[in-house]
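Notes follow once the structure below has been shown.
The values are calculated or read from the model by the stated rules, or taken from the named source; none is laboratory data. If you're wondering where the values come from, they're calculated on a predicted model, not measured in any experiment. Glycine also receives a Cβ, built like all others from the backbone with ideal geometry; neighbour counts cover every protein chain displayed. Ligands, DNA and RNA are stripped out before the accessible areas are found, and what is left, the full protein with its side chains, is counted by its heavy atoms. Shrake-Rupley method; radii C 1.70, N 1.55, O 1.52, S 1.80 Å.
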Amino acid sequence: MRFILVFLTVLLFASSNCPSKLFTFRSDGTHPISLKSFVESLAVDNCHLNVVYSDDVTKKRLAELTVGKICVKNYTLSEFLDLLLGENNFFWEINHHKLRISYVQTKTFSIDYIPSTRTGSATFKASSSEEAGDINSVDSKYEFDFWGNFEKHLTNILNTTDTYEAKPPIIDKNAGLVTITATKKQIQRVAKYISLLNARLHKQIIIDVKIYSVDLSQSHKTGINWSHFNISLGSDDHPLSTRLHTNDIIGRNSIFSQAQFNISGLLDFLSSQGNVHSISNPKIATINNQKAIISVGDTINYKVMTEGASVDANGNQIPPTYTAESKFVGILLDITPEISDNGIIILRINPTISSFRDEKQLDDPDRELAPDTTDNKLSTVVRIKNNHTLVLGGLITNKDDFERNGIPILKELPIVKYLFSSKQKISQKKELVFVITPHIVDTKSTVTLKDLGFSNVQ
C-alpha cells in the first residue's frame, strides 16, 4: 500500500497552485486502492488540502469503494475529483484549503401551487317501480389532491434503484417548499422532475366558449343536418357529405389544414336549420390539467320531508320536519385541458343539459320531492391545435306544452270552455351547439386581449 501511495505522489506532480495544474495517471487495476486513500493522497500529499468528511456514512462509503483500472491525461483537479467523486455519487467542494466530501445533502425546492384538494360528485337516481328501495343509482366522483400525489411520486423517484434509502421528503404546502435529504443522483432526479413539473403546472390557457340554442324547424326535428355544412377553402367549398379519402382528412396536407373557421359562416348555417339564440359566451382561464366549469341556468330550492307528523306520549301533535335542498337546472359544461410540450391541446369535455319535465311541479305547494328533470349528457376527449376551433353539437332537448285556442273570455269559463275552445299539443325541440376555442397563454411574451380571442378589442 505504501508503495502505491509513493507511486501516486511521484506521478501527481505537487504544486502550490494545484487547481491550475494538469494531472496524468494510469493504472491497470492490478493493485486496487480504496477511494478514500486515493483521494486523501491526491488532496493532502499533492495539493496540500485538508480533507473533511461530512459524516461517518461518507467516510465508510469512500472506504468501501476502490479505484480500479483508470487512465486520465491532462485533467485539472476539478475534473479529476468529478471523475473520482462525482461519478461515484459524492458531493464535493473546495473552500479555504479544505476539500469537503459528503454522500448526502439537504436541498430545498420551491413548488408554486395552491394548497387545496378539489373534489366533486354527482348522483343520478331513478326508480323503475313504486316499491320502496327499488332505486337505481349511479355515482360519479372525482378528486384531485396535488400535494398528496406529489409526495407519493417524489418518494418513489427518490428510492428507485439506490442502495441508500432517502428519508421521506419534508413538504410545506402553505409555503410551497419541498426539502429532501438524499444522494447526488437522487437529488438530480428530483430536480429534473420538479423542473418539468413546474413547467407543466404553470402553463395557462384561456378557453373561449360560445353556446348557441337552435330552435329546430319542422324539417329538422331530428337535429341539425351537419352534412350540409360547407368548409370554405378560398374559392372552393367542400360539404361534409363529400366522400373523402383518409389522406384528405388527416395530415398536414389535408383539406382541413387549409380551412379557416368563420363564426359568421357557422351562424348562417345554423340559421338555415332553425332560429338561433346566443345563450352564453364565457371566456374562462385555467392552468394545465385543471377543470374549468361553466354553468348557465337556475338553482331551484325545495323542501324534503325528513320526518312525518306524529303524536307524542301526551297526545300532542308534532308537525313534520323538512330539510332544504337545491337542484341546478340548465347547462353545465366542464372542460379539462392538457397542454403538451409541442403546443397540442387535449380537451376532456363533459356537457350536461338538464330541464324540467313539468314546470307546473314548481307551483305545487304540497310537493315534497325534488322536481322531475330530464338530463342529457355527453362526454368526449378531443385533440386540437392552439387557437383552433371545435364545434360540438347533438344535445337535443324536447319540451311539450299545451296551448288552448278559442273564443276570448268564453274559452276561460268553466264547463263552457270545452264548447268554445280546443287544446293543442306543441312540441318544441332545441339543439345546443358549443363552439370551443382554446388559447394557450405565453407568459414569456406580451399577449394582447385580441390574441386571446377578444376580437372586438381594437
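Miscellaneous remarks
- Note on exposure: Ile318, Ile70 ranked by accessible area (1.4 Å probe, complete protein assembly) read Ile318, Ile70, with the most exposed listed first.
- Sequence of Thr106, Thr373 when ordered by accessible area, the most exposed leading, probe 1.4 angstrom: Thr106, Thr373
- Charged neighbours of Glu64, selected by a Cβ distance under 14 Å, balance to +3 (K, R count +1; D, E count -1).
- Using a probe of 1.4 Å on the protein chains alone, the accessible area found for Lys377 is around 130 Å².
- Accessible surface ranking for Cys18, Cys71, 1.4 angstrom probe, highest first: Cys71, Cys18.
- The tail of the calculated P(r) for segment 19-113 beyond 16 Å holds 57 percent of all Cα-Cα pairs.
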